[in-house]
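One structure is given below, encoded as structure tokens.
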Amino acid sequence: MAHGRGALLNCSLVPHSSVDILRMNQPLQKIIANRYSGRDIPIALVLPDGDRVPLSETPEVDVYARTWQGLKTLASPEMGALARAYVRNDIDFSGGARRVLGIAESLVGSVTYRRDRFADRARTWLSRRRGNRANIQHHYDVSNAFYRLWLDERMVYSCAYFRSETDSLDQAQVQKLDHICRKLMLNPGEEFLDIGCGWGALIFRAAQSYGVNALGITLSQNQYDYVKAKIAELGLGDRVRVQLLDYLDLPEDRLFDKIASIGMFEHVGVANYPRYFGKIRRILKPGGLVLNHGITHKQNQYDYVKAKIAELGLGDRVRVQLLDYLDLPEDRLFDKIASIGMFEHVGVANYPRYFGKIRRILKPGGLVLNHGITHNWPGGDSLGSGIGDFIEEYVFPGGQVAHVSRVIEGLAADGLELVDAEALREHYARTLWNWLDRLEANADAARREVGEEKFRVWRIYLAGSAHAFDRGWLSIFQLLVGKPLPDGRLPHPPTREYMYRS
């Protein structure tokens, strides 16, 4: 039987079981028709009963609806929902995840919509210190053997530094380690701290090639055990130490000449910036340097709106506040309230306090317009949440991404000074694609190590993150920060040339 786009849109051409499910779910038929009619998406949809329905003259990828729940997700797709469905094996696809991500954007809709939705979700990842140890262990205490399948030979789990198009991942990671050490101007005998040391690559490089005394701290038991054994193996016990410790618990009677924080900053949380930078200031020697390497998001809505108010001369009638709606004072009441595109961030469990808050700040007789995404399947999984929620739930619980300006503001508030900022977004995209390629090349071994579901989680996480950096939805910055001497001077070269000398 020949199939074309009409096979999915016309019940008479769909096998009996498909007819039944579509008749039982008339909204599903309508959604599928509206979603795909007239769109040339290069996939073939394979239905749960095995029928293959091309959605293009030349399909490049087969997308399998393994279950009817998977078909429902494909009927009204959203990136987070597609990711969850893939992890549950409700949907699957042929070929590599890199190509599929681009096609998934076509399934979801316009690029503009996706950019806004992803950026919104990235900004809402929540972080609380009380969960830090559990959060770190959830992510990093997958077996070391699993990470070894797709990381470089030094087990560096952060953005690499590519000097040319031909650099291998192993080369690029060594270049990153040296780039950090040169930026910090590490000298023999200096006291060096690495906050969130991972599997120890930076502290080993700093001690062996730059002669420092290095301390690495981590909250991951697996990483701690690995680094401790590696110190003994390399005979570095007199110059390198590792501790299973939260950075906030570091004693303040030992000061450091240089401090690095690589890929750990996303765990801190915006609300905790003051104590993070305060702690760093207290354990850093005067004249010392800090290198903070962390992910940020691309948009800063508050600053944009504030500037726009001034530009339009509306300061007497329009205001903007950087504020959670729950913190709105209740002595000012409003005639009308609008909530556009924010409702998806509230969460079903928080509906009572959301609507309760609105009720308390709305005048009697007032009106509210709430504009939010919902789904049409009572009792089913929500299709309105985003990839940020997926990462929060499955991979990085406790992660939070802020705009780089918030980071700079936070460090400046604690008396630290920004010396240098370097954007590495494209480097991280390339790093993530390398990791994904390696994971897919070792798929069978990865499945044996962590099981099918965790393999799928990591595959879609790496692919989604790489895609987000490629598209510019997320960025990553290396911030070099100094603690001025009492007279205000900061001993640092006047140009960046020293960073590139071998």
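No lab work stands behind these numbers, since they all come straight from the coordinates. In this text, all values refer to a predicted model and were calculated from it rather than measured experimentally. When we count neighbours, we look across all protein chains shown, and the Cβ atoms used for this are built from the backbone with ideal geometry, even at glycine.
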Which number do you get for Rg(Cα) / (2.2 N^0.38 Å) in segment 440-502?
2.00
A 30 angstrom limit on the alpha carbon distance is what I want to check against. Which of K230/K454; K176/K279; K183/K306; K72/K363; K306/K363; K258/K308 exceed it?
K183/K306; K72/K363; K258/K308
Starting from the Cα of I309, step 7 Å along the direction of its Cβ; do the same at R360; then give the gap between the two resulting points in nm.
2.4
Determine, from the Cβ-Cβ distance of Q243 and S164 and an R0 of 25 Å, the FRET efficiency 1/(1 + (r/R0)^6), rounded to the nearest 0.05.
0.10
Of 416-425, 442-451, 281-290, 429-438, ordering from highest average Cβ density within 10 Å down gives 429-438, 281-290, 416-425, 442-451
From the convex hull of the Cα coordinates of segment 215-292, what is the mean projected area in square nanometres?
5.7
Cα principal axis extents for segment 416-469, largest first, Å:
48, 22, 16
Tell me, what is the FRET efficiency for F334 and Y498 to the nearest 0.05, using R0 = 56 angstrom and their Cβ-Cβ distance as r?
0.50
Apply the Karplus curve 6.51 cos²θ - 1.76 cosθ + 1.60, θ = phi - 60°, to the phi angles in segment 239-245 and return the couplings in whole Hz, x for Gly and Pro.
10, 10, 10, 9, 10, 8, 7
Could you line up K279, K483 from fewest to most neighbouring Cβ atoms inside 10 Å?
K279, K483
